[in-house]
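Here's the structure, in structure tokens; my notes come after.
The values are calculated or read from the model by the stated rules, or taken from the named source; none is laboratory data. Please read all numbers here as calculations on a predicted model, not as lab measurements. Glycine gets a Cβ as well: all are built from the backbone with ideal geometry, and neighbour counts include every protein chain shown. Ligands, DNA and RNA are stripped out before the accessible areas are found, and what is left, the full protein with its side chains, is counted by its heavy atoms. Shrake-Rupley method; radii C 1.70, N 1.55, O 1.52, S 1.80 Å.
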Amino acid sequence: MELSVFNDASEDSSAEIIERWKVKLEDAGIPVIIGNNDSSQPRGVGFAKNQAVIQSSGTYLCFLDSDDVMMPQRVRLQHEAAIQHPNSIIGCQIRREPLESTERYTRWINNLTEEQLLTQVFTSHGPTVIMPTWFCSREWFYHVGKFDEGGKGVPEDLLFFYKHIEKGGEVFRVDHCLLLYRYHPQAATHSVLEGTIWNHRVRFLEDRVLSYWISFTIWNAGKQGKKLYRSLSPANQKKVTAFCDVDEKKITKGFYTYEESEERPKPKIPICHFREATPPFIICVKLDLTHGAFEENLNTLNLKEGMDYYHFN
């Protein structure tokens, strides 16, 4: 085992901390490779991760962000899984610190089924295994093609994850809590604009799902559903047969008029109750927010996730 650290123009005491650990680890027989960006400006998370990979030599890569903590056995358990799943990104369950931060997100990450690791890749939560838990072979990493080095504001982990899926990659999670995932407002992830992620998600949904569907229903006649409709390409907008909802006011209104359209007459999309709607669905309703009411409604339809519907909440 070796540790590869890349210090991307940090202005705190990172360099001294790394040097102290280098001595401890090398005394224990673990070589430490340290790379530095000595300029005054950081080059960004994607660049730093790529450099850490390039300067290392292991057959497998185990990623860790500088503010998170690995649990004992992480490398061993993920390495065993990676041997079994060579074309996979291997993740694990996490513990969040502070405990009460992002409760819904943490529940989602830890409880997705094996199938949902691939079906729920379109949600706003991002990759179905979070980047600080990633473990994969070096060969597969280079097959996907490294992280985007666009710098601040680029969701480099999401873009890599999408490329990985596009190249036929699988996703696997070791069901042990092997990472303490720290939440703090200064984290690099907060520098990525919501609109940037939204646009990437819509394009990915169109490429992976909508291009194969002849027609579909958007589940949510409110803000999020309409936003998705407006973000679609004209060809995919034409495939939307209806919006569906449970809100009587929206259903009584009868239809949504796409006012910004340059078409004449402007497109009018019917709004119906979810029980009258025709699958497949793109669901723009947030999970785990209605004390189970939405999930119960969905279950009554006996649909198959990944075939009859995808979540885009």
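Key figures for this structure:
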{"read-out": "Lone qualifier among 174, 154 - being part of a loop (DSSP other than H, G, I, E, B) and buried (at least 17 other Cβ atoms within 10 Å of the Cβ)", "value": "154"}
{"read-out": "Matching residues in the stretch 58-74 - criterion: being over 14 Å from residue 5 (Cβ atoms) and open to solvent by 70 Å² or more (accessible area, probe 1.4 Å)", "value": "59, 60, 72, 73"}
{"read-out": "Test: residue in the stretch 62-79 that is small (Gly, Ala, Ser) and at pLDDT below 95", "value": "yes"}
{"read-out": "Residue check for residue 115: at pLDDT 95 or above, open to solvent by 40 Å² or more (accessible area, probe 1.4 Å) and under 16 Å from the mean Cα position of the chain (by Cα)", "value": "yes"}
{"read-out": "Residue check, residue 16 without any contact (Cβ under 8 Å) to a residue 12 or more places away in the chain, within 32 Å of the chain's Cα centre (by Cα) and open to solvent by 90 Å² or more (accessible area, probe 1.4 Å)", "value": "no"}
{"read-out": "Odd one out for residue 99, checked against (1) touching a residue at least 60 places away in the same chain (Cβ under 8 Å); (2) farther than 24 Å from residue 167 by Cβ", "value": "(1)"}
{"read-out": "From the options 160, 147, residue that is outside any helix (DSSP H, G or I), open to solvent by less than 20 Å² (accessible area, probe 1.4 Å), among the aromatic types (Phe, Trp, Tyr) and more than 30 Å from residue 252 (Cα to Cα)", "value": "147"}
{"read-out": "Selection count where residues are of a type in the set (S, T, N, Q), in contact (Cβ under 8 Å) with a residue 40 or more places away in the chain and open to solvent by 40 Å² or more (accessible area, probe 1.4 Å), scope the stretch 19-57", "value": "3"}
{"read-out": "In the stretch 68-86, the residues that are touching a residue at least 60 places away in the same chain (Cβ under 8 Å), under 14 Å from residue 174 (Cα atoms) and part of a loop (DSSP other than H, G, I, E, B)", "value": "71, 73, 85"}
{"read-out": "Failed item, numbered, when residue 278 is tested on (1) out of contact with any Phe, Trp or Tyr (no Cβ under 9 Å at 6 or more places or on another chain); (2) of a type in the set (Ser, Thr, Tyr); (3) farther than 25 Å from residue 126 by Cα; (4) modelled with pLDDT of 95 or more", "value": "(1)"}
{"read-out": "Qualifying residue in the stretch 251-274 (condition: within 24 Å of residue 303 (Cα to Cα) and of a type in the set (Lys, Arg))", "value": "no"}
{"read-out": "In the stretch 87-108, residue least open to solvent (accessible area, probe 1.4 Å) [restricted to those that are at pLDDT below 95 and assigned to a loop (DSSP other than H, G, I, E, B)]", "value": "101"}
{"read-out": "Qualifying positions in the stretch 186-227 - more than 13 Å from residue 283 (Cα to Cα), of a type in the set (Gly, Ala, Ser) and either modelled with pLDDT under 95 or surrounded by 14 or more Cβ atoms within 10 Å (Cβ to Cβ) (or both)", "value": "187, 188, 191, 195"}
{"read-out": "Hits in the stretch 1-13 (condition: surrounded by 11 or more Cβ atoms within 10 Å (Cβ to Cβ) and part of a loop (DSSP other than H, G, I, E, B))", "value": "1, 2, 9, 10"}
{"read-out": "Pick from the stretch 235-257, criterion out of contact with any Asp or Glu (no Cβ under 8 Å at 6 or more places or on another chain) and assigned to a helix (DSSP H, G or I), ranking: least open to solvent (accessible area, probe 1.4 Å)", "value": "237"}
